[in-house]
Amino acid sequence: MFGLERLQVDRPGTSRRHAGVFALWAVTTRVDCAFVGAGAVASEYLDGIEGTNLRLAAVCDTDRERATALAAAAPGDPAVYTAVDALLAAESAPLVINLTSHAAHAPVSGTALDAGRHVFSEKPLALDPERATALVETARDRGLALGCAPITPRCDAQRHARTLLADGRLGEVRLATATANVGRVDEWHDRPDSFLDVGPLYDGAVYPLSLLVAWFGPVARVRSADAVDAWPGEQSPRTPHVEATLEFADGPVVALRASFYVDHRSREFYGLELHGDDGTLYLRDTGALAADRDAVSVRGGGRESTPAPHPQPRRERRYVEGPARLAAAVERGGRPRATARRGAHIVAVCAAVERAAESGGAVPVETPTAATPSLDSRAAPPAAAPPEGRSQRGALRLPPVGFGCSRYRDGDYVEPAMGAALDAGYRLFDTAELYGNEWRLGDLLEGPGGPDRESVFLLGKPWRTNHGPGHLERACRGSLAELGVDAFDCYALHWPDAWAHRGELRSLSRLPVDEQERLTFPTGPDGDPVRADHDLLDTWRRLERLHDRGLARTLGVCNVTLPQLARLVDAARVPPALVQVERHPYRPRERLVDWCHERGIRVLAHSPLSAPGLRSDPVVESVAEDTGVDPATAVLAWNVTHGVIPIPSSTTADHVVANLAAARHRLDDAALARLTDLADPDFER
Ligand SMILES: NC(=O)c1ccc[n+]([C@@H]2O[C@H](COP(=O)([O-])OP(=O)(O)OC[C@H]3O[C@@H](n4cnc5c(N)ncnc54)[C@H](OP(=O)(O)O)[C@@H]3O)[C@@H](O)[C@H]2O)c1
């Protein structure tokens with residue numbers, strides 16, 4: 001347990017407030033740490049420290065009053081020092097968290113490393129590349145961990161942007177624009193001198209640079225740069241406004257602007273826009289600690305820009321997560337230095353920008369091997385994770401909300417907004433032969449900005465006129481051809497019972513309505529549907545053969561009763577992985593849902609919003625108001641909270657986004673019960 005003191009074995013109170021921090025590692029031991037620097041950012045690091053694996057043993061600041069005030073606000077009565085040397089001599093805390101002013105970062109980190117302490121430093125790591133690299137080398141040579149802020153590449157909005165990027169939505173990314181309009185620091189900081197001394201590059205620009213370097217690797221050279229003395233009367237040694245064009249070794253050319261002059265309330269604050277051959281991604285705030293609904297938006301395939309909401313409930317990160325994560329890694333025997341290497345490279349980029357601005361020409365960015373940053377190769381967060389706390393052993397991992405592609409709406413035909421759904425980030429599409437628009441989705445998937453096939457879950461459904469021998473396989477192959485894929489992720493019977501076959505169903509939406517209806521609704525002289533004598537189990541055997549041939553990765557069934565499903569599960573060689581039924585508060589289907597969940601079968605709720613009167617039901621409206629959401633979101637969140645995946649459909653881009661964002665909300669037990677109490681055993685459409 002190198003250098004780490006096991007102070008106590010405990011599990012601090014798991015309040016909701018700190019749940020996000022806890023989720024990252026098992027807190028079994030507390031690690032002593034010392035804060036060096038007790039200014040504004042130190043208060044941010046103190047926030048939530050009790051919920052982590054850290055114990056603040058000491059606080060040091062040259063200003064005793066500040067150190068004492070911070071220590072008084074901290075749990076556990078930390079000791080107070082005014083000199084780092086004195087602290088290091090008296091305290092054995094293995095981790096120093098360096099929260100000093102910019103210029104003091106490198107000397108304080110160097111002193112702490114020399115004293116054999118692991119270090120987590122606020123940004124920037126240093127103010128010149130040689131010192132930054134020397135720190136990384138010292139940490140390496142002494143076998144110590146060295147971490148550097150910001151932690152934002154790990155935060156939800158930024159990781160979500162990275163997931164969409166990795167999805168292939170943008171094609172090759174060739175250009176980007178990055179802004180860090182820090183604003184007039186003397187307006188918003190009580191001690192602005194430290195900022196003014198270093199300039200906006202070493203401060204605000206570090207946020208977009210950290211992301212870009214994490215995603216694309218090192219910057220090869222600064223093509224051009226300009227420093228503008230845009231702030232009359234401001235005498236700081238470094239210019240308050242910098243524009244530069246950076247060329248990544250294996251990535252885009254980036255136009256970077258960092259400014260103390262441009263107001264931080266201007267339209268662009270910390271925005272980053274990536275432009276690829278097939279689309280554009282905009283991340284509104286590279287420094288955000290939480291993912292707002294509209295934090296990321298995507299534009300692809302010639303369509304309008306669409307917000308791509310993060311699919312999980314809001315999780316606000318805390319600054320303290322950086323050092324807490326470092327301490328946890330050290331405790332596991334690791335000596336992480338990746339964020340410090342990235343920090344050292346960013347210092348080298350800033351220095352090269354300054355040189356380019358002075359020389360008026362291009363300047364290569366030289367980063368010694370020890371400080372070469374690595375790409376952020378961590379796996380993207382699972383977009384398809386089942387809802388928290390309801391993980392179902394062995395069950396399919398699916399996104400919390402899917403998109404319904406049906407064209408039928410109150411006896412009419414409409415066109416669901418599938419393009420907006422793809423842009424917004426839906427990854428589960430409920431398609432069907434009957435909907436007749438598989439070819440449209442196929443075009444979108446194949447077209448510019450289409451996501452990587454593996455990131456999309458395609459659910460297909462043969463219509464009930466195609467249950468017979470031969471018909472089922474032809475239906476499946478026809479649908480796959482229209483979608484342009486080799487296999488369905490799940491192929492599910494649209495209905496358990498069969499109707500008479502009236503012909504193949506291809507691109508139905510392109511046929512005259514009369515013809516569509518003749519093919520799909522075979523009616524006898526009495527006007528009733530003409531049934532076909534295919535028992536559910538026989539049809540299931542045919543479906544299993546499609547699975548055996550690799551045309552469907554899993555199988556499913558829709559619109560079943562519990563006795564039908566139980567009979568099927570008993571007899572099936574390939575059991576259903578999902579069941580799709582109409583489900584909303586008027587029809588909660590609790591027994592069926594529980595039965596499925598107990599067996600690891602995922603349940604999809606079709607028609608989750610369209611029950612007549614549901615969205616204007618006074619109880620739904622009241623729950624929605626109490627929860628601070630709109631009625632449609634409340635109804636969808638009711639399904640999501642139960643671990644059921646709603647598949648709403650919409651023709652309206654705003655609704656498409658709002659419905660996906662419903663996955664970010666969980667209802668409490670009282671709200672769930674109020675909605676479930678709306679159950680109406682006589683409900684019929
Ligand atoms: N397996 C089956 O037998 C079966 C049967 C039926 C349905 N389904 C599946 O379930 C999917 C959804 O069912 P559905 O088509 O009946 O539709 P639905 O999703 O239950 O409701 C759609 C209706 O709600 C409106 N809407 C959607 N989002 C809204 C929002 N945020 N605020 C206000 N209004 C909103 C839509 O209007 P706008 O267009 O203006 O948004 C539309 O009128 C289908 O597309 C299909 O994939 C399967």
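Among residues of region 628-670 being open to solvent by 50 Å² or more (accessible area, probe 1.4 Å) and within 30 Å of Gly600 (Cβ to Cβ), the one that is nearest to the ligand (Cβ to nearest atom) is His665.
Determine whether region 327-334 contains at least one residue that is over 25 Å from Val41 (Cα atoms), part of a helix (DSSP H, G or I) and open to solvent by 20 Å² or more (accessible area, probe 1.4 Å). Yes - at least one qualifying residue is present in region 327-334. All of Arg169, Arg257 fail the test of being charged (D, E, K, R), within 20 Å of Ala288 (Cβ to Cβ) and crowded, with 18+ Cβ neighbours inside 10 Å, apart from Arg257. Counting only residues that are of a type in the set (A, V, I, L, M, F, W, C) and surrounded by fewer than 21 Cβ atoms within 10 Å (Cβ to Cβ), region 175-195 holds 2 of them. Scanning region 48-75 for residues that are within 36 Å of the chain's Cα centre (by Cα), more than 15 Å from Leu95 (Cα to Cα) and open to solvent by 60 Å² or more (accessible area, probe 1.4 Å) returns Glu50, Ala73. If only residues of region 672-685 that are of a type in the set (A, V, I, L, M, F, W, C) and in contact (Cβ under 8 Å) with a residue 24 or more places away in the chain are counted, the one that is farthest from the ligand (Cβ to nearest atom) is Leu672. Could you list all residues from region 671-685 that are of a type in the set (A, V, I, L, M) and surrounded by fewer than 23 Cβ atoms within 10 Å (Cβ to Cβ)? Scanning region 671-685 gives Ala671, Leu672, Ala673, Leu678, Ala679. Scan region 198-245 for residues that are without any contact (Cβ under 8 Å) to a residue 12 or more places away in the chain and of a type in the set (Gly, Ala, Ser) and the total you get is 1. Among the residues of region 263-299, not one is aliphatic (A, V, I, L, M) and at pLDDT below 90.
Matching residues to (1) at pLDDT 95 or above; (2) open to solvent by 40 Å² or more (accessible area, probe 1.4 Å):
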| residue | (1), (2) |
| --- | --- |
| Gly301 | no, no |
| Pro311 | no, no |
| Glu321 | yes, no |
| Ala344 | yes, no |
| Val347 | yes, no |
| Ala351 | yes, no |
| Glu354 | yes, yes |
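Just to be sure, is Ser607 within 12 Å of the ligand (Cβ to nearest atom) and within 18 Å of Asp680 (Cα to Cα)? So Ser607 passes the test. When each of Thr111, Thr100 is tested for being assigned to a helix (DSSP H, G or I), surrounded by 18 or more Cβ atoms within 10 Å (Cβ to Cβ) and hydroxyl-bearing (Ser, Thr, Tyr), the lone residue that passes is Thr111.
The residues of region 613-627 include none that are at positive phi and either open to solvent by less than 10 Å² (accessible area, probe 1.4 Å) or of a type in the set (Val, Ile, Thr) (or both). Do we find that Ala370 is small (Gly, Ala, Ser), at pLDDT below 85 and more than 15 Å from Ile645 (Cα to Cα) in this structure? Yes: the conditions hold for Ala370.
Taking region 456-482 as the range and being of a type in the set (Lys, Arg) and either within 22 Å of Gly419 (Cα to Cα) or in a strand (DSSP E or B) (or both) as the test, only Lys461 passes.
Number of residues in region 242-254 that are surrounded by 20 or more Cβ atoms within 10 Å (Cβ to Cβ) and in a strand (DSSP E or B) equals 5. The single condition among (1) of a type outside the set (Phe, Trp, Tyr); (2) touching a helix residue (DSSP H, G or I) at 6+ places or on another chain (Cβ under 7 Å); (3) closer than 18 Å to Pro153 by Cα that Thr239 does not meet is (3).
Per-residue answers, yes or no, for (1) among the aliphatic types (A, V, I, L, M); (2) farther than 25 Å from Tyr435 by Cα; (3) at pLDDT 95 or above:
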{"position": "Leu592", "(1), (2), (3)": "yes, yes, yes"}
{"position": "Glu598", "(1), (2), (3)": "no, yes, yes"}
{"position": "Ala632", "(1), (2), (3)": "yes, no, yes"}
{"position": "Asn639", "(1), (2), (3)": "no, no, yes"}
{"position": "Pro648", "(1), (2), (3)": "no, no, yes"}
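Conditions (1) surrounded by fewer than 24 Cβ atoms within 10 Å (Cβ to Cβ); (2) among the hydroxyl-bearing types (Ser, Thr, Tyr), marked per residue:
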{"position": "Glu415", "(1), (2)": "yes, no"}
{"position": "Ala424", "(1), (2)": "yes, no"}
{"position": "Thr431", "(1), (2)": "no, yes"}
{"position": "Arg453", "(1), (2)": "yes, no"}
{"position": "Leu459", "(1), (2)": "no, no"}
{"position": "Trp463", "(1), (2)": "no, no"}
{"position": "Pro469", "(1), (2)": "yes, no"}
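Within region 184-231, the set of residues being assigned to a strand (DSSP E or B), touching a Pro at 6+ places or on another chain (Cβ under 9 Å) and farther than 15 Å from Thr367 by Cβ comprises Ala227, Val228. Would you pick out the residues in region 588-604 that are within 16 Å of the ligand (Cβ to nearest atom) and open to solvent by 40 Å² or more (accessible area, probe 1.4 Å)? Arg589, the sole residue that qualifies. One residue stands out among those in region 471-482 that are within 34 Å of the chain's Cα centre (by Cα) and free of Cβ contacts under 8 Å to residues at least 60 places away in the same chain: the one that is surrounded by the most Cβ atoms within 10 Å (Cβ to Cβ), which is Ser479. The residue pairs whose first member lies in region 545-556 and is closer than 15 Å to Gly470 by Cα, whose second member is open to solvent by 90 Å² or more (accessible area, probe 1.4 Å) and not in a loop (DSSP other than H, G, I, E, B), and whose beta carbons are closer than 8 Å, counting only pairs six or more residues apart or on different chains, are Leu551/Arg477.
Close contacts from region 656-671, counting a first residue that is under 13 Å from Val635 (Cβ atoms) and a second that is of a type in the set (Ser, Thr, Tyr) and more than 16 Å from the ligand (Cβ to nearest atom), with Cβ to Cβ under 6 Å and a gap of 6+ residues or different chains, come to Leu667/Thr641.
For region 410-426, state whether one or more residues are more than 8 Å from the ligand (Cβ to nearest atom) and farther than 23 Å from Ala658 by Cβ. Yes: region 410-426 contains one or more residues that are more than 8 Å from the ligand (Cβ to nearest atom) and farther than 23 Å from Ala658 by Cβ.
The values are calculated or read from the model by the stated rules, or taken from the named source; none is laboratory data. Note that this is a predicted model, so its numbers are computed, not measured. As a convention, Cβ positions derive from the backbone with ideal geometry for all residues, glycine included, and neighbour counts pool all protein chains shown. These area figures cover heavy atoms from the full protein model, side chains too; ligands, DNA and RNA do not enter into them. Shrake-Rupley method; radii C 1.70, N 1.55, O 1.52, S 1.80 Å.
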